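Below is one structure, written out as structure tokens, with a few remarks after it.
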Amino acid sequence: MIDFWNDAPLAGGCIAGGREYFHINNKGDVEPCIFTHFATDNAKTKSLRACLQSDFFRAIRARQPFNENLLMPCMLIDNPWVFREIHAQCNPYPTHAGAESLVGALAPGLDAYAGHLAEMMAPAWQEDWIAQGRVWPFTPEPDAADAAGGAARPRAAERASDPLQRSAGRSR
Ligand code: SF4
């Protein structure tokens, strides 16, 4: 197993939402990863196959990788607007009290953190990865095409053919 945060460039970014991984808590809630405390399905009442094809998980997979800079892989803290968008689209329930602060009270602080992180990580990504050709040829699963609910952005498969295009910063 890859440490998908520190090794996200090797994993092609976040692997949550059933791309390579998901998490089931002790109540049976099927969460995108162990740190994403939201779900739309419970493994006690639905097959795992169906859970993996939920709108919630498909919306996550459709957006991976969440940032062209794979040193910023996370939809929760590196790109918090991504999870807010998915949350608004799919309306998952929180799997513990207080989880919704992630898309509420904590949002301004997370956005500020992500902004500072982007400034620091941009040169690192360019110099240590792009300039040295160390880009993983990530290809998303075929069914991810339209699950973003109209949030149009270049497909990762298309970007993967052009390392320089992959390195271009996001507009938000
Ligand atoms: S959402 Fe964030 S914490 Fe969860 S697997 Fe992806 S990168 Fe890791």
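The values are calculated or read from the model by the stated rules, or taken from the named source; none is laboratory data. All values reported here derive from a predicted model rather than from experimental measurement. Glycine also receives a Cβ, built like all others from the backbone with ideal geometry; neighbour counts cover every protein chain displayed.
Restricting attention to segment 82-98, which residues are away from the ligand (no atom under 12 Å from the Cβ) and buried (at least 16 other Cβ atoms within 10 Å of the Cβ)?
If the condition is that a residue be away from the ligand (no atom under 12 Å from the Cβ) and buried (at least 16 other Cβ atoms within 10 Å of the Cβ), then ARG84, GLU85, HIS87, GLN89, CYS90, PRO92, PRO94, THR95 are the ones that fit.
Which number in (1) of a type outside the set (D, E, K, R); (2) near the ligand (Cβ under 9 Å from one of its atoms); (3) touching a Pro at 6+ places or on another chain (Cβ under 9 Å) marks the one condition that PHE57 misses?
Failed condition: (2).
Could you list, in sequence order, all residues of segment 11-20 that are at negative phi and either in a loop (DSSP other than H, G, I, E, B) or free of Cβ contacts under 8 Å to residues at least 60 places away in the same chain (or both)?
If the condition is that a residue be at negative phi and either in a loop (DSSP other than H, G, I, E, B) or free of Cβ contacts under 8 Å to residues at least 60 places away in the same chain (or both), then CYS14, ILE15, ALA16, ARG19, GLU20 are the ones that fit.
Looking at CYS33, is it of a type in the set (A, V, I, L, M, F, W, C) and either at pLDDT below 95 or within 11 Å of the ligand (Cβ to nearest atom) (or both)?
yes
For ASP41, which of the numbered conditions (1) among the charged types (D, E, K, R); (2) within 16 Å of the ligand (Cβ to nearest atom); (3) touching an Asp or Glu at 6+ places or on another chain (Cβ under 9 Å) fails to hold?
Of the numbered conditions (1) among the charged types (D, E, K, R); (2) within 16 Å of the ligand (Cβ to nearest atom); (3) touching an Asp or Glu at 6+ places or on another chain (Cβ under 9 Å), the odd one out for ASP41 is (2).
When the residues of segment 23-50 are filtered to those that are touching a helix residue (DSSP H, G or I) at 6+ places or on another chain (Cβ under 7 Å) and part of a loop (DSSP other than H, G, I, E, B), which remaining residue is surrounded by the fewest Cβ atoms within 10 Å (Cβ to Cβ)?
It comes out as ALA43.
Residues to consider are LEU110, LEU10; find the one that is at pLDDT below 95, within 25 Å of TRP129 (Cβ to Cβ) and over 10 Å from the mean Cα position of the chain (by Cα).
LEU10
Yes or no: ARG19 more than 10 Å from the ligand (Cβ to nearest atom) and either crowded, with 21+ Cβ neighbours inside 10 Å or over 24 Å from ALA97 (Cα atoms) (or both)?
Answer is no for this residue.
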